[in-house]
Each structure stands twice: as C-alpha cells, then as structure tokens.
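Following: one structure in structure tokens, then a few remarks.
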Amino acid sequence: MTYLTSNQLKQYQEEGYLAPIDVLSKDEAFASREEIELIEKEIPNEIDKSGRYNVHLISPKLDSIVHNSKILDVVESIIGKDILVCSTTLFIKNPNEEGFVSYHQDAKYIGLEPHNWVTAWVALTNSFEENGCIKMWPKSHLEIKDHNEKFNKGNLLTRGQTVENVPENETKLVELKAGQMSLHHPKIVHGSGINRSNDRRIGFVIQSYIGTNVKQTLGKNSVQLARGEDKFNYHEVIKRTDVLMSKKNISLRNRENKYLQQIFYKGSNQKGSY
Ligand SMILES: O=C(O)CCC(=O)C(=O)O
C-alpha cells in the first residue's frame, strides 16, 4: 500500500492538486486505449460527445482502473477509507480538432456535497503541453468563483462554463506520461488547450471518488463501492462489469448518462453537445 506522505498531502491541501503519481504501467495504459478504440470501432458514436461518460460500465479495462488499489490508496489518504465511485469521463482530444477545456471549477456544477471528494485524471497517452494537458491554477480552490456559460465552439465542457481572467502566468502545466495520474480538488480552477500533436490525447477521469457521506444535490448518480463500507446508502449501487460491451451494461450506461445530463443541464434552457 502506498498512501500519500504527509508532504504530498500538504501539497494537495495547499495547492489544490497533486501530480504526477505512477499508477499504471505503460502497457496497461496502452491496453486500455486499445479497448476504448475497439469500442469506438465496434459501436460507432457510442462513446462520442455525451456518450463519453461512464465508459467503465462497458469496459473491463476501465473498470479495473477505477478499482485499482494503487489509486484507491492515494484517494483514501484524501477522503478517508469509505470510497464510492461516482461516474467517469473520457476526455479525448484528437489531433487537428479544436477541443479545449475552459477554466472552471468542478464543484460549481457537479452537485456533490459536501466536498469530500477528489478527481483522478489518469493519462492513457502522454499528456503534455503540445497535446493540451491540464493546467491548474494553484491555490484557487479556496472559494467558488463566478462562471460564465459560453456554449462556445470547441469547448469540451457541457455548457462552456468559464472562470474569466485567470492569471495565465500563475497556472501550472500538469504534464503526465501514459500511466501516470493527477489528483485535483473539487474547487481548483483548471482547464486545457487544444491538441497540436499528431496523436490523440486521452485522459480517463474518475469524476469523482466520493466519500460515502456525499450526496448528489442536483439529481441522481448511481455508484459503485470502491473500498470500505457505505453506512449512509444515499445512492443506488450498480454492479461492476467483466464483460466488454454487454447489451445489459450498454443500457445501464445509457440510463446513468441520462441522469448525468439532467444534472449537467439543470436550470439551463440551452443544451450543448456534451
Ligand atoms: O482533460 C482535460 O483537459 C480537462 C479535464 C477536466 O476538466 C477534469 O478532469 O475535471
């Protein structure tokens, strides 16, 4: 077991994020990429745009990342020993596409309260400045900031949620090799630029690991127990998969993704493509 050291924990608490952390081998990361690409080939458009959520429910390789004990040890250091998984997102940026992520805070629109949760961003390809890695604004996690909803072209966020006037000179690149992860706090301001390389940039994001005391205040999320015990039982529990693309799990995933869309667009009269 490799829990965070007190220095690493201090860094997370003070800066709002922590990286890089080695969690998968390069081969494991590549095998997960291959499974994603197989799904893309077998069921075209299934995991595009608003289908990018909860792919771990139909992919055994992504399921095993979500329940990876190295990741859970680190997560336990932050949110405690009772851990639920509450949805995942694939952030894929293809070369020659305009995809970017505006600066935002996850806690502003995800509905998970209290903020006893953490997001794990696992690199399935290298993620560097050139292909649009995440940029964090250290120490910005101390308060919730105003966001504009821009629904702007190329923005990979559902409503183009944007914190304006982020001081670029204070932001830090989070460069990761395939198999490494970063962790970020619910309130840290972060975003990313476009992919200027010749290969895809794939981030598999467990968004998020939540303590069992966390409620979904904007709608409904089902969960999986990742570690420990759930004494609160606030959420419906769904099974893990060991079968690739099973029909049953495809429909379960569709149901979960409809719940997510209701959360993401709550109170909005405009619908984006994610
Ligand atoms: O993958 C990216 O570039 C951004 C991801 C993100 O916003 C997140 O994980 O919360």
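Centroid-to-centroid, using Cα positions, the stretch 1-48 and the stretch 219-274 are 20 Å apart. Every pair of different Cα atoms in the stretch 142-196 enters the Kirkwood calculation, which places the hydrodynamic radius at 13.4 Å. The relative contact order of the stretch 83-216 comes to 52 percent, based on Cα pairs under 8 Å that sit 6 or more residues apart.
Calculate the translational D of the stretch 36-114 in whole µm² s⁻¹ from Stokes-Einstein, where the hydrodynamic radius comes from the Kirkwood formula applied to all Cα pairs, the temperature is 37 °C and the viscosity 0.692 mPa s. Can you show the working numbers first?
On the way: Rh = 15.0 Å.
Answer, rounded: 219 µm²/s.
Taking a point 7 Å out from the Cα of GLU97 in the direction of its Cβ, the residues of the stretch 44-65 whose backbone N falls within less than 11 Å of it are 45, 47-52.
What the pair-distance distribution of the chain shows, using all Cα-Cα distances binned every 10 Å from zero, is 7, 31, 41, 20, 2 percent. Listed peptides 87-97, 30-40 appear in the order 87-97, 30-40 once ranked by packing, highest mean of other Cβ atoms within 10 Å at the front.
Can you pull the semi-axes for the stretch 218-261, root of five times each eigenvalue of the Cα gyration tensor, sorted largest first, whole Å? Provide the component values of the computation, followed by the final result.
Numbers: eigenvalues 82, 51, 7 Å².
After scaling each eigenvalue by five and taking roots: 20, 16, 6 Å.
Its residue count N fixes a reference of 2.2 N^0.38 Å for the stretch 56-188, and the Cα radius of gyration divided by that reference is 1.08.
Working from the pairwise distances between different alpha carbons, so that the mean of 1/r is found and then inverted, what is the stretch 125-274's Kirkwood radius in Å? Mind dumping the intermediate values first?
Details: mean 1/r = 0.0554 Å⁻¹.
One over the average 1/r among Cα pairs gives 18.1 Å for the stretch 125-274.
Shape of the stretch 126-171 from the C-alpha gyration tensor: oblate (a/c of 1.5 or more and a/b not above b/c, with a ≥ b ≥ c the square roots of its eigenvalues).
Could you work out the mean projected area of the convex hull around the alpha carbons of the stretch 1-68, in square nanometres to one decimal? List each step's numbers first, then the result.
On the way: hull surface 24.4 nm².
Over all viewing directions, the stretch 1-68 projects a mean Cα-hull area of 6.1 nm².
When the listed pairs LYS70/LYS150; LYS172/LYS215; LYS61/LYS247; LYS10/LYS172 are checked against a 29 Å cut-off, the alpha-carbon distance exceeds it for LYS70/LYS150; LYS172/LYS215.
From the helices alone, meaning DSSP H stretches of at least four residues, give me the mean residue ellipticity at 222 nm for the chain, per-run term -39500 (n - 2.57), in deg cm²/dmol to the nearest 500.
On the way: 5 runs with 63 residues, N = 274.
It comes out at -7000 deg cm²/dmol, rounded to the nearest 500.
Work out how much length LYS153 to GLU229 would gain on full extension: take 0.36 nm times their residue separation and subtract the Cα-Cα distance, in nm to one decimal. Working it through step by step, the gained length comes to 23.1 nm.
Bear in mind that the values in this text are calculations on the coordinates, not laboratory data. It should be emphasised that the depicted structure is a prediction, and the values quoted were computed from it without experimental measurement. Backbone-built Cβ (ideal geometry, glycine too); neighbour counts: all protein chains shown.
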